[in-house]
Structure formats: structure tokens, C-alpha cells
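Structure first, then comments.
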Amino acid sequence: MNTRVFKILSEDDERQLSEVASILRSGGLVGIPTETVYGLAANALDGTAVKRIFEVKGRPQDNPLIVHISRFEELAPLVDVVPEKAARLADAFWPGPLTMVMKRSDAVPDEVSCGLPTVAVRMPSHKIANAIIKAAGLPLAAPSANTSGKPSPTCAAHVLHDMNGKIEGVVDGGNCEVGIESTVITLCTKTPTLLRPGAVTLRQLADTIGDVEVHRSVFSDFTETARPASPGMKYRHYSPKAEVVVVDGALGSFIEYVNKQSAGSAVLCFEGEESSFPDAVVFSFGAKEDSRAQAQRLYSALRKADELKIKRIFARLPDTDGMGTAVCNRLLRAAAFKVVKL
Ligand code: TXA
Ligand code: MG
């Protein structure tokens, strides 16, 4: 299959938007930019199209997809009822990097929710994503557009690397602003529960709707066989081929520890620390206190390391405040929770 590339930089590019929309309406798959990461989109109401998403990604059959909408009115038909807290969260954070899990309606095919009684919905703020949903006139099911288990794509080249020849098209909308996947919260538990941290922080959620619990999988390995609340959390995730070792310690001990064994390895450090590692390939992922920059650069650094065939990456443990929770969560998963404490 020839994967067409559409370079769409403005929501006024009606000709290309309508070509992309027609691929989606006829059941095709298209990689689309969003503000978080690129998504692999299909008509969410077409079970056959959605099934193909699982095939091309190699995604486990029990890991449901997020449905993307472009207007708040599109939520009601997908859910049983719109919970009051969902309306408040939407008011505060939509369009934007927040996904809400609610009881689903019959309009949502089993293929999307993998048989769960719930559906995850998000309204992206990326202008091109929004324009594509509008042009298609459909809710779009879209997981991240990577091969299952690999770091999520933050530019069109990443999507092509994993999906070229397997899907109908990719829309190149530039680099993703956030760089890691959306925050996921479920409103189906007694107290709303954070299932996946992201750019919308726990504090922001709690300021909007009161008590929010944090699912235990957020900071720990979650491989229990009991069906987890967010099935995606039980898989090894976001990982490059290289072994990732997260190192928790002061800069001085990190430098000493890494330089003893860094030949042929890479280092993921904070801005300004680059010159301390003469034998390693060095990636800087933003200043120590700048979680937003770290999020933006994390996945491209992991992908670059694979391109360079690096065997091992030593990573500095980021701050865990605010959005740092999300950066840390992804890095720990990439490392399969391997942390060296100095
Ligand atoms: O930022 C994002 O959310 C990106 C962009 C493309 O929108 N999408 C994304 O999708 O990250 P994906 O499939 O890679 O991650 C979806 C996560 C998974 O952890 C999945 O288990 C969870 O959301 N999820 C989806 N539906 C769910 C449901 N009904 N109940 C609980 N968790 C659900
Ligand atoms: Mg994903």
C-alpha cells in the first residue's frame, strides 16, 4: 500500500482536508497530528476500520481506544449520560490534552472499547486535528500512531517510520507541542481516578472537580492478571530497543556512575549538563525544572537513540512535580521500572 503524505499546515487547506476526510469516511486509516502525539485515526463508528488499527499497530486486543471529537455536542451521543464532572472538566480543559472515561452508549462499537462498558473521549486542541474531525464529520478513534510498545510519534517522520506502507495516509502537521500522551481520568469510579498522568496535572483536575484518586499503576509496574482499570497500563510501553536505566541521584554521582560505563551508551541529561559525558552520545531533554520541555523532547530522544543503534541509555530522573509526574511515568515505563538509586 502506498501511504500518501499530506502536508497540512493550515485549517484553511480545504482541498487536502477533504481528501483526508474522504479516506476516513471510506474506512481508511490516517496518521494525524494532535497537540500531544500523532494519532492513528479511523472512523470510530466503523468497527471494521477500527479493527485494522489493532492489526497495523500490533496492539493487544484488550486495550481500548480514545475517541476524538471536535465539539462538546459530539460527546452526548457517545456516552450513557454526560456526568456533571465531565462538563466541568471539559469547560476547563477542552479542547486540550485531557481524556475522560465515561459509561458508553450503544453507538460505540465493541472494537473501540474492547467490550468494556466505558468509552474514553478527548477533544484535541490541535487546529489540524480539529479541522480533520470536522471535515470527516465523524468521531475518530485514534491511539498513538506508533507500533505497539514503541515510543509515541511526535512528528510525521516518526509515524512514517512505523506505519509506511500499512496505512492510507499521514498528515504532516509539524512537531507536537506537548510531546507525551493526554492525561486520562475515569469518571466511572466512586471518586474520579487518574489513570494516566499528562499535561493536565492532578492539581488542575482536583482544583476543578475536587477529590481525584491516583491509580496505583501510575508509578508502579502493573502486570497483574486481573483486568486493570486502564488496560494500556499493564503493557511495557514507550520503550525504545535500547535498555533504559533511570538514575536517581545528584548530578555529581550521576556523572561518576555513568562515565565509568558509558562507552557506546547514551545519556539523557538536563540542559547545561551535556559536556560532562565525553564518551557517551548525549541527549539533553530540557532544563531540570522545565517538565514541559522534557515532555516535548523525551520520545524523539528515545527514537533517535534507536536510530543510532545505541544499546543503553542512562537517564536522569526528572522532578516529579506538576507535569513532571507524567514525564517520570513515561520514562519509568520506558525503563521497565529499572531505577538505580545512588
Ligand atoms: O494524547 C493521546 O491520548 C493520544 C492522542 C493520539 O490523542 N492517544 C493515545 O492513545 O495516547 P493510546 O491508545 O496510545 O492510549 C489510550 C489510553 C490507553 O492507556 C488505554 O488503555 C486507555 O487510554 N483507555 C482507552 N479507553 C479506555 C477505557 N474505556 N477505560 C480505561 N482506559 C481506557
Ligand atoms: Mg499509545
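The values are calculated or read from the model by the stated rules, or taken from the named source; none is laboratory data. Because the structure is predicted, anything quoted here is derived from the model rather than measured. Because the Cβ atoms are built from the backbone with ideal geometry, glycine has one as well, and the counts that use them run over all protein chains shown. Surface areas here come from the heavy atoms of the whole protein model, side chains and all, with no ligands, DNA or RNA. Shrake-Rupley method; radii C 1.70, N 1.55, O 1.52, S 1.80 Å.
Tell me the relative contact order for segment 243-341 as a rounded percent, counting alpha carbon contacts under 8 Å between residues six or more apart.
That works out to 39 percent.
Rounded to the nearest 20, the Cβ-based charge dipole of segment 26-151 about its Cα centre (Lys and Arg +1, Asp and Glu -1) stands at 340 debye. Potential lengthening of the chain between LEU251 and ALA263 amounts to 2.4 nm, from the contour at 0.36 nm per residue minus the alpha-carbon distance. Computed over the chain, the per-residue total of -39500 (n - 2.57) for DSSP H runs of n ≥ 4 gives a 222 nm mean residue ellipticity of -8500 deg cm²/dmol, rounded to 500.
Scanning the chain for DSSP H helices at least 30 Å long along the axis (C-alpha atoms) with a Kyte-Doolittle mean no lower than -1.0 picks out nothing. Dividing the mean sequence gap of close Cα pairs (under 8 Å, 6+ apart) by how many residues the chain holds gives a relative contact order of 19 percent.
Spin-label model, GLN61/GLU84: points 7 Å from Cα along the beta carbon direction are separated by 4.1 nm.
Rounded to the nearest 20, the Cβ-based charge dipole of segment 243-341 about its Cα centre (Lys and Arg +1, Asp and Glu -1) stands at 420 debye.
For VAL340, the shell of other residues with beta-carbons less than 13 Å away shows a net charge of +2, using +1 for Lys and Arg and -1 for Asp and Glu.
Only protein heavy atoms count here; under a 1.4 Å probe, ILE69 has an accessible surface of about 0 Å².
For the pair ARG25 and ASN164, the difference between a 0.36 nm per residue extended length and the Cα-Cα distance amounts to 48.0 nm. List the residues, sorted by chain then number, that are 5 or more residues from VAL170 or on another chain and whose placed amide H is less than 5 Å from its amide H. The list, which skips near neighbours in sequence, is ARG4, VAL5, PHE6, GLY31.
Springs between Cα atoms under 10 Å define the GNM used for the chain, and in it the highest mean-square fluctuation of PHE283, PHE314, PHE72 occurs at PHE72.
Using the heavy atoms of the protein chains alone and a 1.4 angstrom probe, what is the accessible area of the chain per residue in square angstrom?
41
Oblate is the label for segment 30-114, because a/c, from the alpha-carbon gyration tensor with a ≥ b ≥ c as root eigenvalues, is 1.5 or above and a/b does not exceed b/c.
Between their Cα atoms, which of LYS57/LYS127; LYS150/LYS288; LYS260/LYS341; LYS127/LYS241; LYS7/LYS166 are more than 21 Å away from each other? Result: LYS57/LYS127; LYS150/LYS288; LYS127/LYS241 exceed 21 Å.
Full extension of the chain between GLU14 and VAL340 gives 112.2 nm of extra length, using 0.36 nm per residue less the Cα-Cα distance. Note on the chain: dipole from Cβ charges, positive end direction compared against GLY272, PRO97, GLN261; the farthest Cα belongs to GLN261.
Backbone amide hydrogens, once placed in the peptide plane, bring VAL282 within less than 5 Å of VAL267, excluding anything fewer than 5 places away on its chain. Taken about its Cα centre, the chain carries a charge dipole of roughly 840 debye when the Cβ of each Lys and Arg holds +1 and the Cβ of each Asp and Glu holds -1. For the chain, the carbon plus sulfur part of the accessible surface works out to 50%, probe radius 1.4 Å. Eigen-decomposition of the gyration tensor built on the alpha-carbon atoms of segment 243-341 gives equivalent ellipsoid semi-axes of 18, 15, 13 angstrom, largest listed first. Note on the chain: Cα-Cα pairs beyond 27 Å make up 43% of the total pair count.
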